[in-house]
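The values are calculated or read from the model by the stated rules, or taken from the named source; none is laboratory data. Since we're looking at a predicted model, the values are computed, not measured. No Cβ is skipped: glycine too gets one built from the backbone with ideal geometry, and neighbour counts run over all protein chains shown. Protein only, heavy atoms only, side chains kept; ligands, DNA and RNA dropped before computing areas. Shrake-Rupley method; radii C 1.70, N 1.55, O 1.52, S 1.80 Å.
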Amino acid sequence: MAIEAVITGNLLTNPVQKTVKTSRGEIKITEMRIMSDVWIQGRDGAESTPDESKTRPVQITVWNEALAELYAGAFRTGMRVEASGDLYLSEHKATEAERAEGKQDYADLRCDAHRVTLMLNRVEKITMRPKAGE
């Protein structure tokens, strides 16, 4: 089951491009990790504070090859972004061998993003590339 979600936060890692095999053949995807956060507005103009109980890392995967390549080339660790897509819980059951090593079952949040938007909070300068044919 997936939930349509909008996730806002800072990139924890630089985006990584990978080639994966699908039923349509090999495609390039981009993966990145966002620290999703929720801020609580202070009273009477007081400074906002993060709600630590709602702050979680989310693994983002972009399956659209054209967008995946753009994001991999433009985004960097620390940038504030907003990802929209299908959010789901991914569960991993540890094998007996992993349990012998002290590893446990775990679950993490994942999002198959339809788009990822750069928020301008920390941007100092934007440089546009020339149009084709210029």
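Screening Thr127 with (1) modelled with pLDDT under 90; (2) within 22 Å of Ala5 (Cα to Cα); (3) not aromatic (Phe, Trp, Tyr) gives one miss only, at (2).
Of the residues making up segment 66-91, those that are touching a residue at least 60 places away in the same chain (Cβ under 8 Å) and open to solvent by 40 Å² or more (accessible area, probe 1.4 Å) are Arg76, Thr77, Met79, Glu82, Asp86, Tyr88. For segment 97-110, what are the residues that are under 22 Å from Arg33 (Cα atoms) and surrounded by 13 or more Cβ atoms within 10 Å (Cβ to Cβ)? Scanning segment 97-110 gives Asp108, Leu109, Arg110. Residues that are assigned to a loop (DSSP other than H, G, I, E, B) and either under 14 Å from the mean Cα position of the chain (by Cα) or among the β-branched types (Val, Ile, Thr) (or both) within segment 1-27 comprise Leu12, Thr13, Asn14, Pro15, listed in sequence order.
Within segment 111-126, if we keep just the residues that are hydrophobic (A, V, I, L, M, F, W, C) and in a loop (DSSP other than H, G, I, E, B), the residue that is nearest to Trp63 (Cα to Cα) turns out to be Met119. Of all residues in segment 99-110, those that are closer than 24 Å to Ile60 by Cβ have Cβ atoms under 6 Å from Cβ atoms of residues that are among the hydroxyl-bearing types (Ser, Thr, Tyr), 6 or more apart or on another chain, in Asp108/Ser90; Arg110/Tyr88; Arg110/Ser90. Taking the criterion of being more than 19 Å from the chain's Cα centre (by Cα) and not in a loop (DSSP other than H, G, I, E, B), the residues of segment 28-52 that qualify are Ile40, Arg43, Asp44, Gly45, Thr49. In a loop (DSSP other than H, G, I, E, B), open to solvent by less than 60 Å² (accessible area, probe 1.4 Å) and either out of contact with any Pro (no Cβ under 9 Å at 6 or more places or on another chain) or farther than 19 Å from Val6 by Cβ (or both): is that true of Ala94 in this structure? Here the answer is yes, as Ala94 does meet what is asked.
For every residue, the table says whether it meets (1) without any contact (Cβ under 8 Å) to a residue 24 or more places away in the chain; (2) of a type outside the set (D, E, K, R); (3) within 14 Å of Asp112 (Cβ to Cβ).
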{"residue": "Ala2", "(1), (2), (3)": "no, yes, yes"}
{"residue": "Leu11", "(1), (2), (3)": "no, yes, no"}
{"residue": "Thr19", "(1), (2), (3)": "yes, yes, no"}
{"residue": "Gly25", "(1), (2), (3)": "yes, yes, no"}
{"residue": "Glu31", "(1), (2), (3)": "no, no, yes"}
{"residue": "Asp37", "(1), (2), (3)": "no, no, no"}
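Every condition in (1) open to solvent by less than 100 Å² (accessible area, probe 1.4 Å); (2) among the hydrophobic types (A, V, I, L, M, F, W, C); (3) closer than 17 Å to Val6 by Cβ is met by Trp39 except one, and the failing one is (1). Being over 25 Å from Leu70 (Cα atoms), touching a strand residue (DSSP E or B) at 6+ places or on another chain (Cβ under 7 Å) and surrounded by 11 or more Cβ atoms within 10 Å (Cβ to Cβ) is the requirement here; does Thr30 meet it? Judged against the criteria, Thr30 is not a match.
Within segment 53-81, the residues that satisfy the criterion of being closer than 13 Å to Leu12 by Cα and not in a loop (DSSP other than H, G, I, E, B) are Arg56, Pro57, Val58, Gln59, Ile60, Arg80, Val81.
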